[in-house]
Amino acid sequence: MLITQLKDREIIESLICGKAFVINCHGCKEVFFDEKGANELQKELMEAGKLTGILTTDYICNPENMKLRLERYAKQIEEADTVLVFSCGVGVQTVSEYLADKRVCAACDTFALPGYQGVTPLEYDCDQCGECYLNLTGGICPITACSKSLVNGQCGGAKDGKCEVNHDMECGWERIQRRLAQVGRLDVLKKCPVQVRNYATYKDINKE
Amino acid sequence: MRISELFERGEFVITAEVGPPKGTNIDKVIEEAKEYLSGIHAVNVTDNQSSVMRMSSLPVCIALKQAGLNPILQMTCRDRNRMAIEGDLLGAACFGIDNVLALTGDHPTLGDHPTAKPVFDLDSVSLLHCMCQLESGKDLGGNDLVGDFPKFAKGAVVSPCSDSVDAQLAKMERKIMAGCEFFQTQAVYDTDKFLSFMEKAKQFGKPIQLGIVIPKNAGMCRYMNKNVAGISIPDSIIDELAADKEKAKSGETGVAIAARIIRECKDAVQGLHIMAMGWESKVPGLLEQAGLK
């Protein structure tokens, strides 16, 4: 089971650069998602003229399925400067890979809960860390794509672009660097404050 | 003494490093440091270098300090979480250890405890940030420190001959943003590559120490080329070492090569960092040949 919790409203609004296209994933039944909260927010954003369209679908983590769904919205996506994805981290990564030259942002943080984890393909991984970094890293997860889960940039261990731990694995931070350059967002890394991870769980955060 | 003050005075800062023993006797490392490294500005003490377990850096730093040398505490994020790191930093400050080199650290799978838990709660950038926090009287939990606050010369490393130089420069910028005051580089052999890196890095305005590992023989160079990140040793250097095995073994060739690299690069940098790797006794001769003594 997992929880995709909406990021704070101010954060979501700050993610929208120009106009945004929204993708909601209502795929796995194992995911707890605040549909009501998301709908209200999106309605307001739409009324304020900040959105080019909204697609609510399922299993965007399946690349083939996602492509078919997105193709029908090509025009609205093209009109948008930002694609805002309301899903778990896997969904966001699948969309960022497909729309690699677009600014794709995560509107949710994904927390783990015990139990069945839903149906997700293996090439994109979400650690359900509860503090989604995908907005700082061009939609490539530094927690799962970096052997040390580093959140402030590349270590000195990459050789020929490969990770020091696994020579068959591309250095996650090289991929991030390339992706950010591709979408013209290298300044994100320069501007974002020093990241110190928060290891508190959903339970820790929500105990009152 | 904080080496950041030496850089501020415009001194060409020379440091070298020693490795703690895999055991409880530190006489040898302290004696060697006293004999060969007392003429330089400071001595780094490595922290489970290459993920090989040894005595901690901090006690060796304290012993060096007591022996009249100026230690630089190397601190990696591989083995301790933020609380242990903060505790060690306060302990270091308490004993007058005020130079710290912040490193992320190699992954445990590379060393002699491959089944150990990799910590990486912090990384080099957040460790630098952590030191700034402590200097301002707060810990990373946001709690107040009691009594005097520490003050460190905060350093970090950069890999100038890395094949991902853009990612390295980006990380360097983040380190500076987090409070880094000086840099030591990974070993340099390819001076053209290094000097073109320095052209890009000088915009940051932070002192950079040229990293030198004295090449011991052709086999070591080939091994490093194949296995060590950020190292590219040109064939000409390998051929030079292979040409006369006796001269390589005695260190004559390696010291001559290292001295040449230093002479070619010293005008572009603000200091020198020598990783002697057991050849500490060759440091004074190297400095002489490089025209730094």
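Quick notes on this structure:
- Among the residues of the stretch B:33-82, those identified as in contact (Cβ under 8 Å) with a residue 40 or more places away in the chain, part of a helix (DSSP H, G or I) and surrounded by fewer than 18 Cβ atoms within 10 Å (Cβ to Cβ) are B:GLU35, B:SER50.
- Odd one out for B:LYS206 among (1) out of contact with any helix residue (DSSP H, G or I) (no Cβ under 9 Å at 6 or more places or on another chain); (2) closer than 30 Å to B:MET177 by Cα; (3) not in a strand (DSSP E or B): (1)
- Residues located in the stretch A:166-190, provided they are crowded, with 16+ Cβ neighbours inside 10 Å, more than 11 Å from every other protein chain (Cβ to nearest Cβ) and outside any helix (DSSP H, G or I): A:VAL183, A:ARG185
- The stretch A:137-165: number of residues that are crowded, with 18+ Cβ neighbours inside 10 Å and either in the same structural domain as A:VAL90 (by TED's automatic domain parsing) or in a loop (DSSP other than H, G, I, E, B) (or both): 20
- Verdict on B:PRO114 being touching a Pro at 6+ places or on another chain (Cβ under 8 Å), at the interface with chain A (Cβ under 8 Å from one of its Cβ atoms) and more than 21 Å from B:VAL43 (Cβ to Cβ): no
- Qualifying positions in the stretch B:85-111 - within 14 Å of chain A (Cβ to nearest Cβ) and either out of contact with any Gly (no Cβ under 7 Å at 6 or more places or on another chain) or not charged (D, E, K, R) (or both): B:ILE85, B:GLU86, B:LEU101, B:ALA102, B:LEU103, B:THR104, B:GLY105, B:HIS107, B:PRO108, B:THR109, B:LEU110, B:GLY111
- Of all residues in the stretch B:117-159, those being in a strand (DSSP E or B), within 12 Å of chain A (Cβ to nearest Cβ) and in contact with a Lys or Arg (Cβ under 6 Å, 6 or more places away or on another chain) number 1.
- Here B:LEU58 passes the criteria (1) away from every other protein chain (no Cβ under 14 Å); (2) within 23 Å of B:ILE176 (Cβ to Cβ) except the one numbered (2).
- Only one of the numbered conditions (1) in a loop (DSSP other than H, G, I, E, B); (2) more than 14 Å from chain B (Cβ to nearest Cβ); (3) within 8 Å of the chain's Cα centre (by Cα) is not met by A:TYR133, and that is (2).
- Scanning the stretch B:226-251 for residues that are more than 30 Å from A:GLN154 (Cβ to Cβ) and touching a residue at least 24 places away in the same chain (Cβ under 8 Å) yields a total of 6.
The values are calculated or read from the model by the stated rules, or taken from the named source; none is laboratory data. Computed from a predicted model, the values in this text were never measured in an experiment. Positions of Cβ are generated from backbone atoms using ideal geometry, with glycine treated the same way; all protein chains shown enter the neighbour counts.
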